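K.L.:
Quick one: structure below, then a few questions.
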Amino acid sequence: MSAVKVEALEKDYGKVKALKGISFEIKEGEIFGLIGPNGAGKSTTLKILATLLTPTGGRAEVFGHDVVKDGDEVRKLISYLPEEAGAYKNLKGIEYLQFMAKLYAKTGKSYEEMLEVGVKLSGLESRLNDKVSTYSKGMTRKLLLARALMVEPKLAILDEPASGLDIINAYSIRQTIKQFAKEKGITFLVSSHNMLEVEFLCDRVALINEGVIVETGTPKELKEKYEAENLEEVFMSIVGGQQKVGVFG
Amino acid sequence: MSDFWIIVKKELKDLLRDKGLIFGIIVVPLLIYPALGQMMQIGFQQAQEETKIVLVNFDEGDYGSLLIKTLEAAPNVTVTTIEALNLDEALKKAQEEDYNMIVVISKDFSKAIESNQKAQVEIYGIVKGISGGMRESVSEGRVNAVLTVINDYLAKLKIQQSIEGNPDAILRPIDAKSYTVIKGRIVPVPPSLVANIITSQSISMPLVIFVMIIIVAQMSAGSMAMEKENKTLETLLTLPVKRITIVAGKMIGTATIGIIAAVAYMIGMRNYLGSMMSSSGEIGISLEDLGLIATPQGAILFVIIMFLAITFALSFAMLLAVFAEDTKSANTIVSAGIMPMVFPTFILMFADIETLPLAIKYILLALPFSHPILASRAMLMGQYSSMYVSVLYLGILSTVTLLITARFFTTEKLLTAKLRFRRKR
């Protein structure tokens, strides 16, 4: 069974068409990257799969469950990390993890196991006993990532997971994602505008631009096909001709 | 622990740790209002201080002496008789020695009384500084009370000397005894006094309900908006928890804090009003004395009506908060949405709903927050049928609102309403 199946997915915000009928599939245990520039439709796709938004057209399934009709079932299988997320400022880091672990405990692993993993993943050690309001942006992101992964969902949907993290922490997060996919069989859907990061992390990628998926494949396949050194060059050779390039482009 | 209680617990923890919020809604009312009350009390106490009278007696007869003796015997009054040739001199002396009242007995005071003419006493209050004249007003009252006693005594004495019969009956030939009929029972208390007692109740109840509704509504909308502001909402909505559980958990969590805040506010307010009331003197008759007692049935119905009104306020505020971007806009939207439903009920402070024009009566009955006010009276009067109607109406209204709110939580409106709000600006 596919972990994720997206068919002709469309989403309009009033007159703005954010998604124009995209389709892709993610196999179980795969790390799948959705890459593209800002405003391409990455976050909208992820939010639809996380049951936050309703598609205007097409359909999306998570492990065979329709995201619109079976929202409650889908939410039991996923863990979603938004691009811009916060934690409850008046709770301590450890209390935040405890709150989340309690809510997920019935879906699989035990509360204690989840908490143990969460504490380790966050790397915040004694700072976990401080209020979230005292955390830096990077520390909050680490706490949120730990929350998303400790529950060991069947599908982790991570929107720009390394956003706000320094090189060392970003590297560490990528290693953790790879390790969780390999050892625990978790499927990952990761979005990023950092194509080099995705190239290193993902088994397969879909390049999205202006609400349309322009190419799908493994990073290796795509580089060979477009005779490019990296995904950035692949992306530019696909969309470069269509786009107006600004002063920085 | 069920998902519901996990969310309630988190909500309570998150709110109770917010020092600014706790200070603003619990500590401030508990400190500020009693402090204000204390300040008022000090003013009153100062006013109640000993009345110091300077007395200038130009009379040489017995009645002048009688007045002086009666004044000296009056409680909280000190009389110092001084020799003065005229009023200016008396004034000067009184001011020098910090007296606040001057009583001048005119030259022919006794003579006038003896010849059945009106006798003159002049009372001067010396207003000083910032006391606002309160002290002088109290002092004047004391002197007047003494004069009333003397007037009464002298009148009766004169009647006794010239006419046969009961001087009191001649002085006041008609004696009116007032009674009030409440719930078919005759109570030996004048209707004006009963009206006073009931009015104090009917004014305080809408105020209490107003405070409770506004605080609870602001809190629940604020907690919802806080999720948006702190960017925790999206995560919350993707947790493996039913949306109705999230709504209910947040409502109960915020309602608990809201009710604590409202109670703190009322305790503070009661302290404040209490210190004013005790200074102005109490009527000394309670609702129980009048036979206005709530039966267990009435009390239970009232609690249910209050609960339903608060449930409505909570779910309606959460519904409004869907359209808010942050806590600031949530407060504005909730005020705009709830205030028009609460303010008209203030009419009930001063008017009986049955005496109002039909259109106004039905508008008031349509407003959910009129029902707790009406119920507070119906409870005391034993009119349970109207309370059952209120329970039914509020039950339907709050269930429908709750379902609409929960429905909104299952749609993307919670996230996209913000987008549209922004675009409109």
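K.L.:
If R0 is 30 Å, what FRET efficiency do you get for A:Ser23 and A:Glu233 from their C-beta distance, rounded to 0.05?
P.N.:
Plugging the Cβ-Cβ distance into 1/(1 + (r/R0)^6) gives 0.75.
K.L.:
Let me ask something additional. Between B:Thr355 and B:Lys128, what length in nm is gained on full extension when 0.36 nm per residue of separation is reduced by their alpha carbon distance?
P.N.:
76.9 nm
K.L.:
In straight Cα distance, which aspartates and glutamates are under 14 Å from A:Lys223, not counting same-chain residues fewer than 8 positions off?
P.N.:
Straight-distance partners of A:Lys223: A:Glu199, A:Asp203, A:Glu215, A:Glu232, A:Glu233.
K.L.:
Another question, then. Per-residue Cβ counts within 10 Å, from other chains only, averaged over A:79-88: what number is that?
P.N.:
5
K.L.:
Rounded to the nearest 5, what is the percent of antiparallel bridges among the DSSP beta bridges in chain B?
P.N.:
The answer is about 45 percent antiparallel.
K.L.:
How do B:72-85, B:328-341 rank on mean C-beta neighbours within 10 Å, highest first?
P.N.:
The packing order, highest mean first, is B:328-341, B:72-85.
K.L.:
Same structure again: Compute the separation of the alpha-carbon centres of region B:94-147 and region A:109-175 and state it in Å as a whole number.
P.N.:
Region B:94-147 and region A:109-175 have Cα centres spaced 83 Å from each other.
K.L.:
Using r as the Cβ-Cβ distance of B:Ser335 and B:Gln45, and R0 as 51 Å, what FRET efficiency do you calculate, to the nearest 0.05?
P.N.:
Computed FRET efficiency for B:Ser335 and B:Gln45: 0.85.
K.L.:
So what is the 222 nm mean residue ellipticity for chain B from helices alone, if each DSSP H run of at least 4 adds -39500 (n - 2.57) and you divide by all residues, rounding to the nearest 500 deg cm²/dmol?
P.N.:
It comes out at -22500 deg cm²/dmol, rounded to the nearest 500.
K.L.:
Between their Cα atoms, which of A:Lys184/B:Lys228; A:Lys15/A:Lys42; B:Lys52/B:Lys118; A:Lys76/A:Lys182; A:Lys109/A:Lys178; A:Lys20/A:Lys178 are more than 29 Å away from each other? Write down the numbers at each step before the final one.
P.N.:
Values: A:Lys184/B:Lys228 33 Å; A:Lys15/A:Lys42 18 Å; B:Lys52/B:Lys118 26 Å; A:Lys76/A:Lys182 21 Å; A:Lys109/A:Lys178 20 Å; A:Lys20/A:Lys178 31 Å.
Distance filter (> 29 Å) returns A:Lys184/B:Lys228; A:Lys20/A:Lys178.
K.L.:
If you rank B:Val143, A:Val205, B:Val247, A:Val212 by fewest surrounding Cβ atoms within 10 Å, what's the result?
P.N.:
Numbers: B:Val143 20, A:Val205 29, B:Val247 25, A:Val212 16.
In order of increasing Cβ crowding within 10 Å: A:Val212, B:Val143, B:Val247, A:Val205.
K.L.:
Between A:Thr140, A:Thr187, A:Thr176, where does the largest GNM mean-square fluctuation fall for chain A, given springs only between Cα atoms within less than 10 Å?
P.N.:
A:Thr176
K.L.:
For region B:49-172, give me the percentage of DSSP beta bridges that are antiparallel, rounded to the nearest 5 percent.
P.N.:
So the antiparallel bridges amount to about 35 percent of the total.
K.L.:
Let me ask something else. How do B:Arg407, B:Arg185 rank when sorted from fewest to most other Cβ atoms within 10 Å of their own Cβ?
P.N.:
With the fewest neighbours first, B:Arg407, B:Arg185 line up as B:Arg185, B:Arg407.
K.L.:
Another question, if that's okay. Under 24 Å Cα to Cα from B:Lys111, which lysines show up? Leave out anything in the same chain fewer than 8 places away.
P.N.:
B:Lys69, B:Lys156, B:Lys158
K.L.:
Given the pairs A:Lys131/B:Lys328; A:Lys11/B:Lys231; A:Lys11/A:Lys106, which span a C-alpha to C-alpha distance of over 28 angstrom in this model?
P.N.:
A:Lys11/A:Lys106, as the Cα separations exceed 28 Å there.
K.L.:
From the helices alone, meaning DSSP H stretches of at least four residues, give me the mean residue ellipticity at 222 nm for chain A, per-run term -39500 (n - 2.57), in deg cm²/dmol to the nearest 500.
P.N.:
Helix-only estimate at 222 nm: -11000 deg cm²/dmol.
K.L.:
Return A:Ile157, B:Ile360, B:Ile347 ranked ascending by Cβ neighbour count within 10 Å, so the fewest neighbours appear first.
P.N.:
By the 10 Å Cβ count, ascending: B:Ile360, B:Ile347, A:Ile157.
K.L.:
Ok, one more. Relative to the longest principal axis of chain B, what angle (0 to 90°, nearest 10) does the C-alpha long axis of helix B:134-162 take?
P.N.:
Taking the Cα atoms of chain B, the angle to B:134-162 is about 50 degrees.
K.L.:
For chain A, what's the relative contact order in percent, using C-alpha pairs closer than 8 Å and at least 6 residues apart?
P.N.:
Computed over chain A, the figure is 25 percent.
K.L.:
Counting DSSP beta bridges in the protein assembly as shown, what percent are antiparallel, to the nearest 5?
P.N.:
Details: 30 of 58 bridges.
Percent antiparallel among DSSP bridges in the protein assembly as shown is about 50.
The numbers here are math on the coordinates, done by the rules we state, and not lab data. None of the values given here were measured: they were computed from a predicted structure. Cβ atoms come from the backbone with ideal geometry, glycine included; neighbour counts cover every protein chain shown.
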